[in-house]
Structures are given as structure tokens and as C-alpha cells.
């Protein structure tokens, strides 16, 4: 979830590989590709986004809540390295589904009613950011 953790993981994977070589008298070939950076939400911008959504008077925006940090990779993290950013989810679990699949899973499904919620939420955040609302 942090650059430090990412660096520690790489260091430890390499250390374990070296240990396997020494313990068993073998040679290992390790290809370690540091992938996506951790996704960092700017705290000030995130608070502003959350407040904007909470203050919205729209029947489709029912709740704004914070989720704990999650380990999946996200392309948006590259933007967040360059600019203050706030990544947020729109609940889109199909009605009647208790354990949904995440968006990159082959069995992912979406409640298409969430599309209007997403459009309204993004529109609200952008207009609020530029103080056009």
C-alpha cells in the first residue's frame, strides 16, 4: 500500500530466492517486475470529494463511506503520482448478488443503474471542484 512496502516486498523476494539457492545448492532465475505504484488518494482532495458527494441532494447518491486500503493494482495510480488525486468507487453490485466479483474478474457483472449514479457523482465532483454548482 506504500512505496516502502513495495520496496520491502522486492527485497524480501530476492532474499528468499537467494536463500533457496544456498539451502538447496541450486541456481534460481528470478524475474521480478515491479508493477503498478501504490494508489495514493490526496487527503485534502479526498475530503473535498467526499463532502461534495455528501452535500449532493440527489436520490441516487445514497451513501458516501470510506473503504479500507486494498492491494489490487490500479492504472489510476500513475495519475496520482503526478497530480493530487482521489479515486473512488461507485457501488454497482447487481441486485440480489451477495458476493460480487471485482471489475477485472471474468465473472464481473454490473447493475447498469449504477451508470447514472457514476455520471452524477463525477459531474458533481468536477463542478464542485471548479465551484460551478
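Scanning region 45-63 for residues that are farther than 17 Å from residue 113 by Cα and in a loop (DSSP other than H, G, I, E, B) turns up 55, 56, 57.
Going by the structure shown, is residue 78 in a helix (DSSP H, G or I) and within 28 Å of residue 1 (Cα to Cα)?
Numbers: in a helix (DSSP H, G or I): yes; within 28 Å of residue 1 (Cα to Cα): yes.
Considered against the rule, which asks whether it is in a helix (DSSP H, G or I) and within 28 Å of residue 1 (Cα to Cα), residue 78 comes out as yes.
Of everything in region 45-75 that is loosely packed, with under 10 Cβ neighbours inside 10 Å, closer than 25 Å to residue 6 by Cβ and without any contact (Cβ under 8 Å) to a residue 60 or more places away in the chain, the residue that is farthest from the chain's Cα centre (by Cα) is 66.
Per the conditions (1) at pLDDT below 95; (2) within 23 Å of residue 52 (Cα to Cα), the sole criterion not satisfied by residue 122 is (1). Within region 77-101, being within 11 Å of the chain's Cα centre (by Cα) and exposed (fewer than 14 other Cβ atoms within 10 Å of the Cβ) holds for one residue alone: 89.
The values are calculated or read from the model by the stated rules, or taken from the named source; none is laboratory data. Given the structure is predicted, the values throughout are model-derived calculations rather than measurements. Neighbour counts are summed over all protein chains in view; Cβ atoms, including those assigned to glycine, are modelled from backbone coordinates with ideal geometry.
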